[in-house]
Amino acid sequence: MGQRATVIIAATFAVLATAPRAGAQPRSAGDSLVRHLVSPVCADSSIRRFTDPNYIVFEAAVPSSAPLLLFLPGTGGRPERTSDFADVAAAQGYRVIGLEYTDVPAVAQLCPRDPDPRCSERVRTKRIYGDDVTRLIDDRAEESIVHRLVAVLRFLHREHPSEGWGEYLDGDRPKWERIAVSGLSQGAGMAAFIAQRSLVARVILFSSPWDSYGPRRMLAPWVTLGPGATPPDRWYGAYHEREPTAETIRRAYAALGVPREHTLVFTLEPAVAGAPPAYHPSVVGNGATPRLPDGTPAYLEQWRFMLGTPAP
């Protein structure tokens, strides 16, 4: 089921148009959002793989004290392809970095059939922090999520010193307490893993984690440890009732301590037709998210609820 969901995401995102790949993006009339596209290679020349641009967006008038939202796409996704959600978050008062990261092979491709209960924990540890704790993936330390985030923050601070990006760094580490974490699918699992281990400003999960092992698809031990360092009232999660792993996601959210009133179950048909239907990415992906007649994302109010109004 994990492989099937991954295929759905890749097939859906493959048909989406992307924006230009470098530089600051122009504003449309009445648009107060500032956008930057930053290649990971520009941020750190040692990064050689998974180099689609990071998508950065914020309101021009937002203070430097505003929290940062880190968004991690799903397998086969790219940061620009969840820009609708990122723009909504920016309008809510966040600075947003949609981060490109190493997402293949996916956790869901590697671990469900692995008898090791800690398989997904080890893969996520290596992919997020760069610790060489498994040979199942060949991710290098400079490709890790934390290294990429620090590199792009340093780049933004250097290139746009008036924008305050250095406020989210404590030396060579992110100031996690100033950062909300979010993501879709594999990326949501990464966000949950980070929030368990560090106190973050908020957790917003879309359709993941569903990490499991063994023939009975038992939840991975790390999932059952609960919310960890980040209090339950900061956790939010959503999924589509008809996506292949919906029941496992429901159980995972409960195990992580996501409050019931913070758990949203989406029901609308995806905007993208096809077989199988794209329920999985429709919760937040630009091309699959259902639309109102005026083109507005149909889940706009749900997204706003999950984002909340960040305190500067």
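Name the residue from Y213, A252, P310 whose Cα lies farthest towards the positive end of the charge dipole of the stretch 207-312, charges +1 on Cβ of Lys and Arg and -1 on Cβ of Asp and Glu.
It is Y213.
Let me know the shape class of the stretch 146-201, please: from the alpha-carbon gyration tensor, a ≥ b ≥ c as square roots of the eigenvalues, rounded when a/c is under 1.5, otherwise prolate if a/b is greater than b/c, or oblate.
On the way: a/c = 2.36, a/b = 1.85, b/c = 1.28.
It is prolate, given that a/c is not under 1.5 and a/b is the larger ratio.
Run through the stretch 44-93 and list the trypsin sites (Lys or Arg not before Pro) located in a DSSP loop whose Cβ has at most 16 other Cβ atoms within 10 Å. Present the calculation step by step, with values, prior to reporting the outcome.
Values: sites: R48, R49, R81; in loops: R48, R49.
Listed in order of number, the matching sites are R48, R49.
Distances longer than 12 Å among the Cα atoms of the stretch 75-124: what percent of all pairs is that?
On the way: 842 of 1225 pairs.
Across the stretch 75-124, Cα pairs with separations above 12 Å total 69 percent.
What is the magnitude of the charge dipole of the chain about its Cα centre, with +1 placed on the Cβ of each Lys and Arg, -1 on the Cβ of each Asp and Glu, and no other charges, expressed in debye to the nearest 20?
Numbers: 34 positive and 33 negative charges, 103 e Å.
It comes to approximately 500 debye.
Between the stretch 129-184 and the stretch 241-312, what is the separation of their alpha carbon centroids in Å?
Between the Cα centre of the stretch 129-184 and that of the stretch 241-312, the gap is 26 Å.
Between T289, T267, T248, which gets the highest mean-square fluctuation from a Gaussian network model of the chain, Cα cutoff 10 Å?
T267
Can you tell me the dipole magnitude for the stretch 48-168 around its Cα centre, using point charges on the Cβ only (Lys, Arg +1; Asp, Glu -1), in Debye to the nearest 20?
On the way: 16 positive and 19 negative charges, 68 e Å.
Roughly 320 debye, rounded to the nearest 20.
Could you work out the helix-only [θ] at 222 nm for the chain, with each DSSP H run of four or more residues adding -39,500 (n - 2.57) and the total divided by the number of residues, to the nearest 500 deg cm²/dmol?
Details: 9 runs with 88 residues, N = 312.
It lands at -8000 deg cm²/dmol.
Remind me, relative contact order of the stretch 192-312 in percent, using alpha carbon pairs under 8 angstrom and six or more residues apart? Write down the numbers at each step before the final one.
Values: 181 pairs, mean separation 27.2, N = 121.
Reported as a whole number, the value is 22 percent.
For semi-axes √(5λ) of the Cα gyration tensor in Å, the listed values are (1) 27, 23, 19; (2) 36, 25, 17; (3) 27, 26, 20; which was obtained by calculation from the structure presented?
Matching entry in (1) 27, 23, 19; (2) 36, 25, 17; (3) 27, 26, 20: (1).
Could you calculate the contour length gain from L199 to R118, that is, 0.36 nm times the residue separation minus the distance between their Cα atoms, to one decimal place in nm?
This chain segment gains 26.9 nm when fully extended.
May I ask for log10 I(q)/I(0) of the stretch 185-226 at q = 0.18, 0.24, 0.25 Å⁻¹, from a Debye sum over the Cα atoms as equal point scatterers with solvent left out?
These q points yield log10 I(q)/I(0) values of -0.51, -0.83, -0.88.
Return the percentage of antiparallel bridges among DSSP beta bridges fully within the stretch 147-253, rounded to the nearest 5 %. Walk me through the numbers on the way to the answer.
On the way: 4 of 13 bridges.
Of those bridges, close to 30 percent are antiparallel.
Any chance you could run the full-extension gain for E159 through E261? It's 0.36 nm times the residue separation minus the Cα-Cα distance, nm to one decimal.
Numbers: separation 102, 0.36 × 102 = 36.72 nm, distance 4.14 nm.
Contour length minus Cα-Cα distance gives 32.6 nm.
Along the charge dipole of the chain, pointing to its positive end and built from +1/-1 on Cβ of Lys, Arg, Asp and Glu, which listed residue (L70, S144, V181) has its Cα farthest out?
Checking the options against the dipole of the chain, the answer is S144.
What three numbers, in Å, describe the spread of the alpha carbons of the stretch 163-278 along their principal axes, ordered from the longest?
47, 33, 26
Express as a percent, rounded to the nearest 5, the fraction of DSSP beta bridges in the chain (both residues included) that run antiparallel. Kindly include the intermediate steps, with their values, before the conclusion.
Working: 17 of 39 bridges.
Here the share of antiparallel DSSP bridges comes out near 45 percent.
Between beta-carbons, use under 14 Å as the cut-off and find the net charge around R178, counting Lys and Arg +1, Asp and Glu -1.
On the way: positive: R95, R173, K175, R202, R234; negative: E167, D170, E177.
Spelling it out: positives minus negatives among the neighbours equals +2.
Using a simple spin-label model with points 7 Å from Cα along the Cα→Cβ vector, what separation in nm is obtained for D294 and A141?
According to this spin-label approximation, the distance is 5.2 nm.
Since every read-out is calculated from the coordinates, none of them should be taken as a lab result. It should be emphasised that the depicted structure is a prediction, and the values quoted were computed from it without experimental measurement. For neighbour counting, all protein chains shown are included, and Cβ atoms are generated from backbone atoms with ideal geometry for every residue, glycine included.
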